[in-house]
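What follows is one structure encoded as structure tokens, with my remarks underneath.
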């Protein structure tokens, strides 16, 4: 419910969307909110490109001998699907859209610490995306998103350098965004906003930013070395001069494992906000949820070898990585239990954002627990590089991160656009996505256990039934993702005007009109003594 | 419900065959993990459903009071999952380590993977492509290398998998328990025909296997091929059996420790022999001049394996390299 | 900040009119100190990323060096240590002049600022000149992997050729990456010098010089690691 204050009609109020007009005012903006929208547009485009590839792949896999494309093309499809979805959609998704929009507002600041750097981040992202799309259009890359050497450095003739360059450049976008967030959160909190008064979303953005800043440079180096090896035909991963291809794997996974936590931590932050708002309760175990974000960020740097249990690395390395991989599951479990406990004796409503959040909790639990199968050395030997792994990470990334992203977009949509979308359609879409998702990926657990390897364009006939089930689910999921696109866009023009706080949520971003003014706050925001004061009586504020 | 029904229909195919000595044990852990996963997922889903219904918002101005934070509850749900994880870790690790080393006297098969096929060589001589015939109830140890990119030798029904690397040897072992034909898959993406790099493992009764060996007998065994190669490449001109040659004698040296000129200690295992053939300059010995030429470019990976088989047959010291 | 009774949110003191402070203050900051603080902190975070960036190659170097010591030692002996040491001293001197430049900026002294910045730039360019001379010599000796690696037998010093090639890969990559960072640094300092000449650097916004200085010192420290790792192994002074 919006606060009982007469709202100035959107049309006559100046806010960040109508403060200036014209393409230059957008392309040269330093307003974090506009930059967030620039990102929103770009990553949505990348999502649909990556999604189109997924659709083609699942259509192809209806037949054991392949229904649609040649193996060479299939290899390019899964490579580009992975590269685009991971680097150009998931990694920036919540941080660059919701993070950029909300971090300054949630701490009561006017903008991020380095607004021009923020704009540069977006341009760097676009440059990286251009290189990658060039690689796609000019024939594709078929290295797999993991670029293992010596396949990628010596044996493939596709546009490896263009794609690697795209990812390399995009890494700098991440680094700069992370740097901006860290400095902003450290140095620009409003007076009275101590660390323990920050919303949990900020804790998870902070933890994510630490990973951005420390892990991304390593993949930059790893890919750069591969590019050099391709150009000069000699390099440090080349067995012909004594190089070790497994070293590439170490450098690659040193980033790529923390990277998956980059993808999930912001989602967890969003879920914390959604669960509290839609049950009108402060989070159970606030400090535990906050610290678990940091714990996940820290431990995530030490588990990369669990991708390499059968790579030929030593058994003792496997021992350590397995132990730490089990350890990193615990902070995530802490969050799940605390979110569930937050619902206890709450006042729960089921608008679309809440449905997404609850879906996240359930699907993330399953996805996370299937990670234990892979952390355990003995079972990982069987399951590594099979469809089980694909099911596991899609449960977390799609059932988890994408659902959290959609939940967050729906939750903050009124704040961002000043409009409300049609909640009935939104709930319907959430349901379609949930059903389609499970039908797509649950059978893949079984396929993996039965032995179907990943990255196979053709497969033995006995796996067909499960593959057809999965493809059926994928078509439902695809439709499910299109629906929000339609009603959200529609709402921008035709949706009812939203007030400052349509959900009755707590948080500084809700203390300002929707859409916010360019400098975020018309009046200096009042920092509450405790965050999430849902149990306290409402106080009027202008 | 639909999914559950499909399960039931698929029941016989719900598990891959457990056709090796380790399959059952891996499956036990797998099903225990499945149980844990389903239990906790169901627990969370059910709790959420229950709370969603019981605490649904009944009026717009409901303001639920804050619930007491509970350190006890936090500790419970930290400690219990941690204990479960510790238990699972030890189970998985001990199983892994127990399966890591092959039993003594395992049948040696050499594997060379290349884009996009498997070359396998039996010690008795027969060579196979994309297929491996083995006797049941006999431990088989594969020593593997790749000629080009990284591959992976995966037999789902045996629950074994290991990457196959260029420039190095990796190994895995298994002991088949049921005669039959089982899938072999390449499980490390290796280029265009990665999904075509498949094959079969044919497990036969001992008599059938013996028959198969007879039917596929070659004029020479693996180590005889190696011996001939050893002579043809001129290795025997320096590596005289009595130790008086330019190079050290190789009799009885396999598996023994070697001390290099700079004091480093190595073991003469498969990797050591391969390095000596391709990069002798890396391994200068204290009492010999470093004059051995390199054979890089003159021998294929398969030929190196043949030479290794021959040198092994000259008598071994201790065990071969750990996998 | 006054604490009110429990349950009442803290009141934020009204923000001063931000632009009455100084034209150097950016709008997102409350005061110049916060801006300076944020700028410095931001540069430190960036340097942390740079450490990880170089860290990847250093890790590879350390691993291969332990595997192929003889080749790495041979490669190292082939480097020109006199030139390397001279480069080291040039960089240390440039860090000194850089520190003096920051000091001058903090004090608001224009001429010394411009002078010290120019000196730093000149020393940096001298470093790059020496580096590229060394590269040119290596090219003449046919020691550039991938392009013309046909080393003379003596330069291998008995080590297997491919491990010397591996060393040279690392040599070129590590020093090349460092040189790239030097070029960026020189560009940055040139911009600082131009701004200083135009009188755009005052006591209030001197921070940009300080932040550039941090970057410059970091690039210097990288060389302090590179020099012994690349030039001083190999027992040339046994």
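Please give the number of the condition residue A:174 fails out of (1) part of a helix (DSSP H, G or I); (2) more than 14 Å from chain C (Cβ to nearest Cβ).
(2)
Among the candidates A:151, A:102, single out the residue that is more than 14 Å from chain C (Cβ to nearest Cβ), crowded, with 19+ Cβ neighbours inside 10 Å and modelled with pLDDT under 95.
Values: A:102 fails: modelled with pLDDT under 95.
Going through A:151, A:102 in turn, the sole match is A:151.
Could you please find all residues in segment B:195-210 being closer than 18 Å to residue A:387 by Cβ and in contact with a strand residue (DSSP E or B) (Cβ under 6 Å, 6 or more places away or on another chain)?
If the condition is that a residue be closer than 18 Å to residue A:387 by Cβ and in contact with a strand residue (DSSP E or B) (Cβ under 6 Å, 6 or more places away or on another chain), then B:197, B:198 are the ones that fit.
Residue-by-condition table, conditions (1) surrounded by 14 or more Cβ atoms within 10 Å (Cβ to Cβ); (2) touching a helix residue (DSSP H, G or I) at 6+ places or on another chain (Cβ under 6 Å); (3) assigned to a loop (DSSP other than H, G, I, E, B):
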| site | (1), (2), (3) |
| --- | --- |
| B:50 | no, no, no |
| B:67 | yes, no, yes |
| B:89 | yes, yes, no |
| B:95 | yes, yes, no |
| B:108 | yes, no, no |
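Based on this model, can you work out whether residue B:26 counts as more than 7 Å from chain A (Cβ to nearest Cβ) and at pLDDT 90 or above?
On the way: more than 7 Å from chain A (Cβ to nearest Cβ): no; at pLDDT 90 or above: yes.
Answer is no for this residue.
Would you check which residues across segment C:36-70 are part of a helix (DSSP H, G or I), facing chain A (nearest Cβ under 8 Å) and over 25 Å from the mean Cα position of the chain (by Cα) and list them?
Once the filter is applied, which keeps residues that are part of a helix (DSSP H, G or I), facing chain A (nearest Cβ under 8 Å) and over 25 Å from the mean Cα position of the chain (by Cα), segment C:36-70 yields only C:67.
Could you check segment A:443-469 and list, in sequence order, the residues that are surrounded by 20 or more Cβ atoms within 10 Å (Cβ to Cβ), within 11 Å of another protein chain (Cβ to nearest Cβ) and farther than 17 Å from residue B:196 by Cβ?
Those that are surrounded by 20 or more Cβ atoms within 10 Å (Cβ to Cβ), within 11 Å of another protein chain (Cβ to nearest Cβ) and farther than 17 Å from residue B:196 by Cβ: A:443, A:445, A:446, A:447, A:448, A:449, A:450, A:466, A:469.
Of the residues that make up segment B:232-245, is at least one closer than 24 Å to residue A:239 by Cβ and either surrounded by 19 or more Cβ atoms within 10 Å (Cβ to Cβ) or in contact (Cβ under 8 Å) with a residue 60 or more places away in the chain (or both)?
Kept after step one, since they are closer than 24 Å to residue A:239 by Cβ, are these residues of segment B:232-245: B:233, B:235.
In the following step, the residues that additionally are either surrounded by 19 or more Cβ atoms within 10 Å (Cβ to Cβ) or in contact (Cβ under 8 Å) with a residue 60 or more places away in the chain (or both) were identified as B:233, B:235.
Yes: one or more hits.
May I ask you to list the residues in segment A:24-66 that are within 14 Å of another protein chain (Cβ to nearest Cβ) and assigned to a loop (DSSP other than H, G, I, E, B)?
A:29, A:30, A:31, A:61, A:63, A:64, A:65, A:66 - these are the residues of segment A:24-66 that are within 14 Å of another protein chain (Cβ to nearest Cβ) and assigned to a loop (DSSP other than H, G, I, E, B).
For residue A:297, indicate whether it is part of a helix (DSSP H, G or I) and more than 7 Å from chain B (Cβ to nearest Cβ).
Working: part of a helix (DSSP H, G or I): yes; more than 7 Å from chain B (Cβ to nearest Cβ): yes.
Yes, satisfied.
For segment A:359-406, which positions are facing chain B (nearest Cβ under 7 Å), touching a residue at least 60 places away in the same chain (Cβ under 8 Å) and under 20 Å from residue A:333 (Cβ atoms)?
Within segment A:359-406, A:361, A:370 meet the criteria.
Among (1) more than 9 Å from chain B (Cβ to nearest Cβ); (2) modelled with pLDDT of 95 or more; (3) closer than 25 Å to residue A:355 by Cβ, where does residue A:283 come up short?
It is condition (2) that residue A:283 fails.
Given the conditions (1) surrounded by fewer than 17 Cβ atoms within 10 Å (Cβ to Cβ); (2) without any contact (Cβ under 8 Å) to a residue 60 or more places away in the chain; (3) within 20 Å of residue C:48 (Cβ to Cβ), and given that residue C:182 satisfies all but one, which numbered condition is not satisfied?
Status for residue C:182: all satisfied but (1).
Of (1) facing chain A (nearest Cβ under 9 Å); (2) part of a helix (DSSP H, G or I); (3) surrounded by fewer than 18 Cβ atoms within 10 Å (Cβ to Cβ), residue B:72 satisfies all except one. Which?
Residue B:72 satisfies all of (1) facing chain A (nearest Cβ under 9 Å); (2) part of a helix (DSSP H, G or I); (3) surrounded by fewer than 18 Cβ atoms within 10 Å (Cβ to Cβ) except (1).
Look at segment A:300-324 and say how many of its residues are assigned to a helix (DSSP H, G or I), in contact (Cβ under 8 Å) with a residue 24 or more places away in the chain and either within 30 Å of residue A:529 (Cβ to Cβ) or within 9 Å of chain B (Cβ to nearest Cβ) (or both).
In the first step, residues of segment A:300-324 are kept if they are assigned to a helix (DSSP H, G or I); the result is A:300, A:304-307, A:315-324.
Of the ones still in play, those that are also in contact (Cβ under 8 Å) with a residue 24 or more places away in the chain are A:300, A:304-307, A:318-319, A:322, A:324.
Within this subset, residues satisfying the condition of being either within 30 Å of residue A:529 (Cβ to Cβ) or within 9 Å of chain B (Cβ to nearest Cβ) (or both) are A:318-319, A:322.
The number of residues fulfilling the criteria is 3.
Does any residue of segment A:91-99 turn out to be modelled with pLDDT of 95 or more, within 14 Å of chain C (Cβ to nearest Cβ) and either part of a helix (DSSP H, G or I) or surrounded by fewer than 22 Cβ atoms within 10 Å (Cβ to Cβ) (or both)?
No, there is no match, as no residue in segment A:91-99 is modelled with pLDDT of 95 or more, within 14 Å of chain C (Cβ to nearest Cβ) and either part of a helix (DSSP H, G or I) or surrounded by fewer than 22 Cβ atoms within 10 Å (Cβ to Cβ) (or both).
Step by step: first the residues of segment A:214-242, then only those that are at negative phi, over 32 Å from the mean Cα position of the chain (by Cα) and free of Cβ contacts under 8 Å to residues at least 12 places away in the same chain, then the one that is farthest from the other protein chains (Cβ to nearest Cβ). Which residue is that?
A:240
Going through A:484, A:502 one at a time, which residue ends up being touching a residue at least 40 places away in the same chain (Cβ under 8 Å), surrounded by 19 or more Cβ atoms within 10 Å (Cβ to Cβ) and not in a loop (DSSP other than H, G, I, E, B)?
Numbers: A:502 fails: not in a loop (DSSP other than H, G, I, E, B).
Answer to the selection: A:484.
Can you tell me how many residues within segment A:188-213 are within 11 Å of chain C (Cβ to nearest Cβ), closer than 23 Å to residue A:339 by Cα and assigned to a loop (DSSP other than H, G, I, E, B)?
1
Quick check on this structure: which one of A:526, A:483 is out of contact with any strand residue (DSSP E or B) (no Cβ under 6 Å at 6 or more places or on another chain) and closer than 27 Å to residue A:442 by Cβ? Let's see the steps before the verdict.
Details: A:526 fails: closer than 27 Å to residue A:442 by Cβ.
Step by step, each of A:526, A:483 is checked, and only A:483 is out of contact with any strand residue (DSSP E or B) (no Cβ under 6 Å at 6 or more places or on another chain) and closer than 27 Å to residue A:442 by Cβ.
Among helices (runs of 4 or more DSSP H) lying entirely in segment A:339-452, which contain 1 or more residues that are closer than 30 Å to residue A:17 by Cα?
On the way: elements: A:352-375, A:377-383, A:387-396, A:403-417, A:423-450.
Answer list for segment A:339-452: A:352-375, A:403-417, A:423-450.
Could you list, in sequence order, all residues of segment B:75-89 that are within 31 Å of the chain's Cα centre (by Cα) and more than 8 Å from every other protein chain (Cβ to nearest Cβ)?
Listed by number, the residues that qualify are B:83, B:84, B:87.
In segment B:47-69, what count of residues is obtained for those that are at the interface with chain A (Cβ under 8 Å from one of its Cβ atoms) and closer than 20 Å to residue A:362 by Cβ? Step through it out loud before you land on a result.
From segment B:47-69, those at the interface with chain A (Cβ under 8 Å from one of its Cβ atoms) are B:47-48, B:51-52, B:55-58, B:60, B:62-67, B:69; that's our starting set.
Going one step further and asking which of them are closer than 20 Å to residue A:362 by Cβ, we end up with B:47-48, B:51-52, B:55-56.
The total comes to 6.
The values are calculated or read from the model by the stated rules, or taken from the named source; none is laboratory data. Please read these numbers as outputs of a predicted model, since none were measured by experiment. Using ideal geometry, Cβ is built from the backbone for each residue, glycine included, and neighbour counts are taken over all protein chains shown.
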